[in-house]
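> First the structure, which I've put down as structure tokens, then a few questions once you've had a look.
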Amino acid sequence: KERSLRLGPSLGPQADEMWMYTKALCKVKLEQCRAPVGFEEDGTRASAEGRNALGLNTVLSYLMKNWRRGEAAKDLGEYPAEAAECAAMVGRVAAALSPIVEHLHDDAVPVGDGRALSKLALDSFEEAVEISKSRKGTDDNEARGAAKASLRLALYCDELLKSPDDSKSSDLGLEPSLVRHALLALAGGASGVPRARHLIPRVLALVRGGSSAVAAEFAKFAPDVPPWLFVEWVPQMLSSLEVPGAGGDALVPCLEALASSYPSAVHPDFHLSRAHFTNVGLDRSERLPRRLYS
């Protein structure tokens, strides 16, 4: 007799039904966190943090106990699509619980504190990316799945970087990870998703900061991104040529590719910027005129 937690269509409908139920339960709890709450007798909004924290903590405990450990985890390894879904769901629930876990009632046992939950979310999103990448082939759905997983990770890195609580994001290497996975998402077919394109100025701002690790990620993955996605950000990229550091150097190949493919889009901003360049910007943009007029 097959175990009830096993996955895969070859093992009958029970496994699919159980995983579908688990996903539905998680999605309901996540949506409840976004739903407006009622009002108190004095007309003020009722606090929902305690209720939401308890619901998310219960679901996350269930996921970790029944789907991330033991026999079920072994079975998931045989079905990468479900394994990627499970890892992503753990990440989503942990990410939602992290900022409100302190509102848990005293009698509830938290899966972890805010920092531990943020780390769990990051690790789970990264696992979903790796599983999705291992499945990526000629199938368009698999490619989109990998791009979606990278986008989810990039968005969460951005969320943590914007958080006022530095204790949750320190020493996690968020900036290089954001740049890497935003570019992977755009290269993998997520360019049609507005949230993915909206990360481009964020990526360019991080590159401008001059971190060598961020610049290395941009230099490695930007060539795979369709150049037209950067066209509207040419002025920002040109201004970064004036900033000393690895970031400005990393942008040069991307700008040269844009000058070759879309010279009319680069020409006006380049000549306007070049008039104000110092030697730093002039040296970096030395080959741009030849690309524009070739």
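The values are calculated or read from the model by the stated rules, or taken from the named source; none is laboratory data. Nothing here was measured: the structure is a model prediction, and the numbers come from that model. Neighbour counts run over all protein chains shown; Cβ positions are idealised from the backbone, glycine included. For accessibility, only protein heavy atoms count, side chains too; no ligands or nucleic acids. Shrake-Rupley method; radii C 1.70, N 1.55, O 1.52, S 1.80 Å.
> With a 10 Å radius around each residue's Cβ, average the other Cβ atoms per peptide and rank 221-233, 108-120, highest first.
Values: 221-233: 16.1, 108-120: 17.8.
Answer by packing, highest mean first, reads 108-120, 221-233.
> Rounded to whole Hz and in sequence order, give me ³J(HN,Hα) for the stretch 149-155 from the Karplus expression 6.51 cos²θ - 1.76 cosθ + 1.60, θ = phi - 60°, writing x for Gly and Pro.
Along the stretch 149-155, the couplings run 5, 5, 5, 4, 5, 4, 5 Hz.
> Once you list every other residue whose beta carbon is under 12 Å from the beta carbon of Leu54, what net charge do they have if Lys and Arg are +1 and Asp and Glu are -1? Could you put the intermediate results ahead of the total?
Values: positive: Lys29, Arg51; negative: Glu49, Asp106, Asp107.
Cβ neighbours under 12 Å give a net charge of -1.
> Extending each Cα 7 Å along its Cβ direction at Ala116 and Tyr21, get the distance between those two points in nm, one decimal.
For Ala116 paired with Tyr21, the spin-label model returns 2.9 nm.
> Now, a different point. For the ranges 236-246, 266-276, what's the packing order if you count other beta-carbon atoms within 10 Å of each residue, average per peptide, and put the highest first?
Numbers: 236-246: 18.9, 266-276: 14.8.
Ranking, from highest mean packing down: 236-246, 266-276.
> Using a cut-off of 11 Å between beta-carbons, work out the net charge of the residues near Glu286 (Lys and Arg +1, Asp and Glu -1, Glu286 not included).
Numbers: positive: Arg274, Arg284, Arg287, Arg290, Arg291; negative: Glu256, Asp283.
In short, +3.
> What's the FRET efficiency of Ser134 with Leu272 using the Cβ-Cβ distance as r and R₀ = 35 Å, to the nearest 0.05? Don't skip to the answer; put the middle values down first.
Details: r = 46 Å, r/R0 = 1.32.
Between Ser134 and Leu272 the formula returns 0.15.
> Okay, next question. How far is it, in nm, from the label point at Lys65 to the one at Asp106 when both lie 7 Å from their Cα along the line to the Cβ?
The two pseudo-label positions are separated by 2.3 nm.
> Let me ask another. Hey, what do the phi angles of the stretch 230-235 turn into as Karplus ³J(HN,Hα) couplings, whole Hz, using 6.51/-1.76/1.60 and θ = phi - 60°, x for Gly and Pro?
3J(HN,Hα) across the stretch 230-235, in whole Hz: 9, 4, 5, 10, 4, x.
> For every other residue with a beta carbon closer than 15 angstrom to the beta carbon of Pro194, add +1 if it is Lys or Arg and -1 if Asp or Glu, then tell me the sum.
Details: positive: Lys148, Arg152, Arg195, Arg197, Arg202; negative: Asp158, Glu232.
That sum, taken over residues with Cβ under 15 Å, equals +3.
> In the stretch 183-271, carbon and sulfur make up what percent of the accessible area (probe 1.4 Å)? Intermediate results must be reported in sequence, preceding the final value.
Values: 2200 of 3680 Å².
Ligands and nucleic acids excluded, carbon and sulfur give 60 percent.
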